[in-house]
Structure formats: C-alpha cells, structure tokens
C-alpha cells in the first residue's frame, strides 16, 4: 500500500509504508480481567489502566517463567523480578517505583498476602523512596526546537513525519505527552486549529490551539490515515492493530535520540539536560516572557493550582534572561 510521506516543511512525497496485520489477541487472563474491572470501578483513567496492564503482563509473564502464580510468590522471587526489570529490561528507578506501586495495588485488590514481606522490607530499607533530587532539566527554545525537528525529519524512521508533527504540537501547545497521543478527529477543529484535550491529568477537558501552518500540516497528514472516523486517533501507530494510538514511551525515545545525536554533533551544548517535558517547560516560559498572565498560562497548561505555574515563572533560565533588564532599570534610578 502507498502512503505519502509528510514533510513538516510543507512538502509531500510518496513513501511505501508497511502496515502490519493486527496481532492475535491473547486469551483472557483472569488476573487481568479482574484488575481492569476493579480499576474501572475506581474510575481510574483508561490510559492509566492500559499502561498498568502492560506492566502487569510483564509481571505475570515473569511469574509464569519461574513456574509461579502471583499468590505463591515469595520475598526472594520479588527481588528477582525487580533485578530482572533493572538488569534485563533496563528500567530506570522511576519505572521501578511504578512497578512497585502497581504491585501494591494489585495485591491489595486481590487480597493476596504474598507481597507483604517484600513490601515491608522495601519500606524499612526505603528501596523505592524518592531519590535525592536530580538536576532540573533545561527548557527548549525556538532554536533548539528547530534543530530537534530537523534531526527527526532527516532520519530514516518510517514514522519520522508523524513523530515530528507530534513534537510540533507538543511544542506549540505545551501539552503533556499523553494528551497529544489521545487527540481524536472529533477533538480537532480543522478550521480554527483548536484542540479539545480529554485525557488530562485533572480529568477536566481543556482547549489549546496550534498555528495555521500546523493546522494545515495536521489536516494533510491525517487525511492519509486509513481510519479517520470521529473516534479514531489522529496520530496512529503503524504497528500492530490498525488505528491504535502511539505508545507514550515512543515519543520520549524519539526526542532523546534526537538530542543525543545533536550533542554528539556539537550542535547542542553537552552540559544541557533536555527531556521531552522540556517542550512543555519551554512553552510555559515563552508564554510568560511574552507577557501572558500567570492565570492564563495556568489554564493553557492545565494546572489545577497556580503554584505549579509559578514554578515556571520563577525558573532559573527565565530569571537569567531578565537580569539585564533589571540592571537597566536600576541604572536609570
């Protein structure tokens, strides 16, 4: 099948894209079925449940590999599981904490006691407590963003155009990764460029807007999707089930790879720390620098408390940029 490749600079060309047939669904697992039912009853967001189920499948698979079921796991086998996650799967401390919290919920819901000993030991040793605060990340500006987009689009990934366009939406709106991933056709106004965000952190819908150019790019790109009904995702995965949403970790990996390549080329200062969230941070700082009120920025970013927005207002990078103006005012006195 032929699918046109989209260039964020406004050009279209032909590209052969292989669309895999949907994977065969797994047989229903009673642990997964009950877990999903319980989490839905607790009114947990669908996207959160999906991410938890993916992790739970890894745990259940590990249990199966060592010939155990969740309720018969013991202290040493839980230790083996977390060593496996770190050494074999390369999980970060933050990801290990998510698995730990997931298993606490899982064992509580099922009323299994097998996790108690391991949990108590972890609390005693503070194994999964917050690590000492790491250095804050740097905010992205227009210059850095242009370099990141060029790096992505100059690559050889089959999804580079989709990925680049998603990065552009993240940059222009200051949205969270999960919010962009869940944008559907009926959420996007192709005339005004307004986007309704439904998968928000506080559970309340909010609206953001993209530029005319980006609106046109999304219109052109999304017109090439096979599934484009009101409830279909605009940004669709090209692997596995047709029309499926892009995995959250994919965007973070694409951004990290682009930054690493730019640093190795000497195009970005090696001492800087850029992560995907730097796009949201950079948009907040830019809006504040342009004179947008803190209250408006709060609504755009979807913060429930203005104190969170004030963190961006007092960001070190922003303060440094303001110092010359402050000095001028002092000299004029």
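The values are calculated or read from the model by the stated rules, or taken from the named source; none is laboratory data. A quick note: this is a predicted structure, and the numbers were derived from the prediction, not measured. All Cβ positions, glycine included, derive from the backbone under ideal geometry; neighbour counts span all protein chains shown.
Right, residue 129: loosely packed, with under 10 Cβ neighbours inside 10 Å and either out of contact with any strand residue (DSSP E or B) (no Cβ under 9 Å at 6 or more places or on another chain) or assigned to a helix (DSSP H, G or I) (or both) or not?
When the stated conditions are applied, residue 129 passes them.
Would you check which residues across the range 85-107 are at pLDDT below 95 and over 19 Å from residue 129 (Cβ atoms) and list them?
Residues satisfying the conditions are 87, 88, 89, 90.
For residue 154, which of the numbered conditions (1) surrounded by fewer than 16 Cβ atoms within 10 Å (Cβ to Cβ); (2) under 22 Å from the mean Cα position of the chain (by Cα); (3) in the same structural domain as residue 250 (by TED's automatic domain parsing) fails to hold?
Single failed check for residue 154: (2).
List the number of the failed condition for residue 141; all other conditions in (1) surrounded by fewer than 20 Cβ atoms within 10 Å (Cβ to Cβ); (2) within 16 Å of the chain's Cα centre (by Cα); (3) within 18 Å of residue 252 (Cα to Cα) hold.
Status for residue 141: all satisfied but (2).
For the range 307-325, check the following and say yes or no: at least one residue is surrounded by 15 or more Cβ atoms within 10 Å (Cβ to Cβ), modelled with pLDDT of 85 or more and outside any helix (DSSP H, G or I).
The answer is no, given that none of the residues of the range 307-325 is surrounded by 15 or more Cβ atoms within 10 Å (Cβ to Cβ), modelled with pLDDT of 85 or more and outside any helix (DSSP H, G or I).
The conditions are (1) assigned to a loop (DSSP other than H, G, I, E, B); (2) in contact (Cβ under 8 Å) with a residue 24 or more places away in the chain, and residue 225 fails exactly one of them. Which is it?
Condition (2) is where residue 225 drops out.
Would a scan of the range 183-196 turn up a residue that is crowded, with 21+ Cβ neighbours inside 10 Å and in the same structural domain as residue 298 (by TED's automatic domain parsing)? Please lay out each step first, then the result.
Step one: of the range 183-196, the residues crowded, with 21+ Cβ neighbours inside 10 Å are 183, 195.
Then keep just the ones that are in the same structural domain as residue 298 (by TED's automatic domain parsing); that gives 183, 195.
There is at least one residue in the range 183-196 that is crowded, with 21+ Cβ neighbours inside 10 Å and in the same structural domain as residue 298 (by TED's automatic domain parsing).
Looking at the structure I just gave you, is residue 12 within 30 Å of residue 233 (Cα to Cα), assigned to a helix (DSSP H, G or I) and either in contact with a helix residue (DSSP H, G or I) (Cβ under 9 Å, 6 or more places away or on another chain) or at pLDDT 90 or above (or both)? If you could, list the steps in order and put the result at the bottom.
Working: within 30 Å of residue 233 (Cα to Cα): yes; assigned to a helix (DSSP H, G or I): no; either in contact with a helix residue (DSSP H, G or I) (Cβ under 9 Å, 6 or more places away or on another chain) or at pLDDT 90 or above (or both): yes.
So residue 12 fails the test.
Taking only the range 80-101 into account, find how many residues are over 14 Å from residue 63 (Cβ atoms) and part of a helix (DSSP H, G or I). Walk me through how you get there before you give the answer.
Applying the first criterion (over 14 Å from residue 63 (Cβ atoms)) to the range 80-101 yields 83, 86-98, 100-101.
If we keep only those that are part of a helix (DSSP H, G or I) as well, we get 83, 86-87, 93-98, 100-101.
Number satisfying all stated conditions: 11.
Would you say residue 148 is more than 29 Å from residue 285 (Cβ to Cβ) and assigned to a helix (DSSP H, G or I)?
Numbers: more than 29 Å from residue 285 (Cβ to Cβ): no; assigned to a helix (DSSP H, G or I): yes.
Considered against the rule, which asks whether it is more than 29 Å from residue 285 (Cβ to Cβ) and assigned to a helix (DSSP H, G or I), residue 148 comes out as no.
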